[in-house]
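Please read the structure below before turning to the comments.
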Amino acid sequence: NKVENHGKTYLHWKNIATDLATLTAPEILEQLESQDPFGTRRFEKGLLEEESKLGRNLNIDEIKQIFPCPVDRITLPDQRNNDKAEAFRRADKGTFLFFQHLRKAGGTHFCSLAEKNLPKKALPSYYCMPDYDKDWSGRTKAGYLHLYPNEEIARRIAAKGHRIAGNEWQQFRLEKNDNHFNLPAVFATSFRKPLDRALSQFRFECIEDRGCPIKDVHVWWERRPDLQNVYTWTFSDTRGNLKQLYHAKDKRSAIKRAEMVEKALDTVAKFNIVLAMEWLAYAGPQVSNILGFQNTEQLTHRVRPHIAQAKRNDGQEENKMGSASIAKASWDPKTYLDAEQYKVMSESLALDEILTDAARRIFLERLVCSDV
């Protein structure tokens with residue numbers, strides 16, 4: 001559709017994100033909370049209030065009352081490759097869904113969606129991660145697609161007839177000559193509020209005994225510097241020891257942080273589907289329009305990998321109240337963490353807070369605006 005828009009576009013929003021990234025972590029968090037530059041926090045508050053009042057998910061007209069299609073758009077110009085999405089919907093040979101799986105951010109829903117909408121032969125056998133294969137990694141790796149050149153990924157997926165590939169443990173590759181965007185794929189990912197995601201990973205792996213013996217969240221976080229700003233790290237494809245950079249106050253570090261956020265946001269803006277875990281109940285139309293999936297009921301069901309290892313009887317297997325249901329099922333960081341640990345972990349995720357707010361705005365605009 002032809003877009004007539006006289007407001008601010010993507011560059012405006014990217015400048016907001018990069019300017020924020022030059023601040024110290026406490027300043028970033030304060031600005032996001034007090035000014036809500038991306039408008040997503042006001043929306044979340046309004047959505048929770050309405051869902052709780054009505055006791056159900058909202059319809060699209062009710063959502064537009066809280067977040068109408070704005071004049072100033074982060075989604076314009078549209079940077080997605082829509083030809084590849086169309087090729088995927090046609091099931092052209094070799095095309096597949098590349099899912100950048102951010103751990104504990106709703107990613108398992110995508111594999112479940114694929115199971116409901118694709119032939120069984122099109123699905124890798126292990127949680128939609130094709131490299132867990134005796135001919136590929138000797139079944140020693142799963143979700144490590146950064147390890148392999150595009151040519152090998154495309155060739156192996158085409159040979160197996162797979163139509164989805166999850167990249168869970170590594171970054172989205174942005175190398176000039178072997179960029180993941182050059183694959184014959186449609187690209188999707190799902191975000192979750194960063195501190196909620198981190199605490200959920202601790203609960204899932206450590207408290208519920210899935211390979212982590214640590215029961216003290218203070219000790220766990222100190223030993224996991226790889227989880228600091230993991231979204232920004234993933235989508236900027238930045239290498240090196242970054243822990244000091246995240247907290248440094250010198251100008252050079254500030255510029256480097258801004259460059260990381262810029263690269264990450266440029267990457268996310270090109271993804272065909274960008275979801276917010278807390279709002280998955282409202283993602284059905286986007287999933288259907290972009291992927292051609294008709295059965296989207298999994299978006300309102302909670303899907304937990306390795307569920308048999310530690311089943312939770314929390315009454316939240318079906319999401320009938322959107323973000324309010326997700327909030328009820330999750331651990332509240334402000335309740336679980338002491339004040340000092342809450343501060344430490346929040347500041348270690350400040351860049352991810354910027355990227356998440358921007359990604360959520362992308363999701364919302366694509367939900368309520370008819371031209372993207």
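The values are calculated or read from the model by the stated rules, or taken from the named source; none is laboratory data. Treat the numbers as computed from the prediction; the structure is a model and nothing was measured. No Cβ is skipped: glycine too gets one built from the backbone with ideal geometry, and neighbour counts run over all protein chains shown. In case anyone asks, the SASA skips ligands and DNA or RNA and just uses the protein heavy atoms, side chains included. Shrake-Rupley method; radii C 1.70, N 1.55, O 1.52, S 1.80 Å.
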Any residue at all in segment 85-93 that's under 30 Å from VAL344 (Cα atoms) and either among the aliphatic types (A, V, I, L, M) or under 23 Å from the mean Cα position of the chain (by Cα) (or both)? no
Given (1) touching a Lys or Arg at 6+ places or on another chain (Cβ under 8 Å); (2) buried (at least 22 other Cβ atoms within 10 Å of the Cβ), ALA165 misses just (1)
Give the residue that is farthest from the chain's Cα centre (by Cα), with candidates limited to residues of segment 169-200 that are farther than 27 Å from GLU33 by Cα and aromatic (Phe, Trp, Tyr). PHE181
Quickly run through segment 53-72 and pick out the residues that are open to solvent by 50 Å² or more (accessible area, probe 1.4 Å), farther than 21 Å from GLY39 by Cα and not in a helix (DSSP H, G or I). ARG56
On the basis of being surrounded by 14 or more Cβ atoms within 10 Å (Cβ to Cβ), over 28 Å from GLN228 (Cα atoms) and at pLDDT below 90, does ASP133 make the cut? yes
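Residue-by-condition table, conditions (1) in contact with a Phe, Trp or Tyr (Cβ under 7 Å, 6 or more places away or on another chain); (2) surrounded by fewer than 19 Cβ atoms within 10 Å (Cβ to Cβ); (3) in contact (Cβ under 8 Å) with a residue 60 or more places away in the chain; (4) more than 21 Å from ILE16 (Cβ to Cβ):
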| residue | (1), (2), (3), (4) |
| --- | --- |
| ARG197 | no, no, yes, yes |
| PRO213 | no, yes, no, yes |
| VAL217 | yes, no, yes, yes |
| PRO225 | no, yes, no, yes |
| ASN229 | yes, no, yes, no |
| PHE235 | yes, no, yes, no |
| ASN241 | no, yes, no, yes |
| ALA264 | yes, no, yes, no |
Output for segment 168-195, where each listed residue is open to solvent by 30 Å² or more (accessible area, probe 1.4 Å), aromatic (Phe, Trp, Tyr) and over 15 Å from MET129 (Cβ atoms): PHE181
From (1) over 23 Å from SER330 (Cβ atoms); (2) modelled with pLDDT under 95; (3) open to solvent by less than 30 Å² (accessible area, probe 1.4 Å), pick out the condition that doesn't hold for ALA281. (1)
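For segment 345-369, give me each residue that is farther than 21 Å from LEU47 by Cα and open to solvent by less than 10 Å² (accessible area, probe 1.4 Å).
Here is the first cut: in segment 345-369, the ones farther than 21 Å from LEU47 by Cα are 345-352.
Within segment 345-369, MET345, SER348, LEU349, ALA350, LEU351, ASP352 qualify.
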State which residue pairs qualify: first residue over 7 Å from PHE98 (Cβ atoms) and of a type in the set (D, E, K, R) and inside segment 175-188, second residue open to solvent by 10 Å² or more (accessible area, probe 1.4 Å) and not in a loop (DSSP other than H, G, I, E, B) in any location, beta carbons under 9 Å apart, and separation of 6 or more residues or different chains. ASP178/ASN150; ASP178/GLU151
Find all pairs meeting these conditions: Cβ atoms under 9 angstrom apart; at least six residues apart or on different chains; first residue within segment 1-18 and within 15 Å of GLU365 (Cα to Cα) and at pLDDT 95 or above; second residue polar (S, T, N, Q) and open to solvent by 30 Å² or more (accessible area, probe 1.4 Å). TYR10/GLN79
Which residue pairs have Cβ atoms under 8 Å apart, sit 6 or more places apart or on different chains, and have a first residue in segment 104-130 that is under 25 Å from LEU199 (Cβ atoms) and modelled with pLDDT of 85 or more and a second that is acidic (Asp, Glu) and surrounded by fewer than 24 Cβ atoms within 10 Å (Cβ to Cβ)? MET129/GLU168
Taking the criterion of being modelled with pLDDT of 95 or more, assigned to a helix (DSSP H, G or I) and surrounded by fewer than 16 Cβ atoms within 10 Å (Cβ to Cβ), would at least one residue in segment 73-83 satisfy it? yes
Would you confirm whether or not segment 294-311 contains a residue that is surrounded by 15 or more Cβ atoms within 10 Å (Cβ to Cβ), of a type in the set (Val, Ile, Thr) and at pLDDT below 70? yes
Run down GLU50, GLU33 and say which single residue is at pLDDT 95 or above, among the acidic types (Asp, Glu) and loosely packed, with under 14 Cβ neighbours inside 10 Å. GLU33
